[in-house]
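Below is one structure, written out as structure tokens, with a few remarks after it.
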Amino acid sequence: MESQLQVWNEYLKLRDQSQELMPDLIGVKNALTGEAYKEGVLSTKVKRLMGLTAGLRAGCKYCIVGQTMLAIQAGATKEEIFETLAVATAMGGTPGLSESFRVIQLLGELGKL
């Protein structure tokens with residue numbers, strides 16, 4: 001499996017390129033995600049973990065790696081991430097489990113296992 005840190009860096013590069021190529025569209029998308037993930041009744045950390053389950057269910061590698069990185073930045077622990085993987089697997093079955101291997105690999109690459 002490819003390096004998940006490389007996937008993250010590739011995503012960041014493509015995100016920046018998209019901002020330059022489609023500033024209006026990306027501006028709207030950024031406003032939406034900014035509103036969705038801001039602190040509220042649910043913390044940003046919890047919302048990012050929820051986003052991780054959705055990414056796992058969709059099989060979206062950029063979503064999986066991105067939401068994991070952003071959840072960690074919001075303070076998520078490996079234990080919270082593992083519980084999130086369990087919920088995603090319960091809802092998505094073995095496809096959710098197989099996609100969760102990206103998260104485990106990323107945590108290893110970050111030295112968080």
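The values are calculated or read from the model by the stated rules, or taken from the named source; none is laboratory data. Bear in mind the structure is a predicted one, so any value in this text is a computation, not a measurement. All Cβ positions, glycine included, derive from the backbone under ideal geometry; neighbour counts span all protein chains shown.
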Can you tell me which residues in the range 1-37 are basic (Lys, Arg) and surrounded by 11 or more Cβ atoms within 10 Å (Cβ to Cβ)? Arg15, Lys29
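Restricting attention to the range 56-91, and to residues there that are of a type in the set (Ser, Thr, Tyr) and within 14 Å of Gln4 (Cβ to Cβ), which single residue is surrounded by the most Cβ atoms within 10 Å (Cβ to Cβ)?
Our first condition is that a residue be of a type in the set (Ser, Thr, Tyr); within the range 56-91, this holds for 62, 68, 77, 84, 89.
Restricting the remaining residues to those that are within 14 Å of Gln4 (Cβ to Cβ) gives 62, 68.
On the way: Tyr62: 15, Thr68: 29.
Among residues in the range 56-91 that are of a type in the set (Ser, Thr, Tyr) and within 14 Å of Gln4 (Cβ to Cβ), the one surrounded by the most Cβ atoms within 10 Å (Cβ to Cβ) is Thr68.
For every residue, the table says whether it meets (1) without any contact (Cβ under 8 Å) to a residue 40 or more places away in the chain; (2) touching a helix residue (DSSP H, G or I) at 6+ places or on another chain (Cβ under 8 Å); (3) in a helix (DSSP H, G or I); (4) not aliphatic (A, V, I, L, M).
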residue	(1), (2), (3), (4)
Cys63	yes, yes, yes, yes
Leu70	yes, yes, yes, no
Ile81	yes, yes, yes, no
Met91	yes, yes, yes, no
Thr94	yes, no, yes, yes
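For (1) outside any helix (DSSP H, G or I); (2) of a type in the set (D, E, K, R); (3) modelled with pLDDT under 95, each residue gets a yes or a no:
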| residue | (1), (2), (3) |
| --- | --- |
| Leu14 | no, no, no |
| Leu32 | no, no, no |
| Thr53 | no, no, no |
| Gly66 | no, no, no |
| Gly75 | yes, no, no |
| Leu85 | no, no, no |
| Ser98 | no, no, yes |
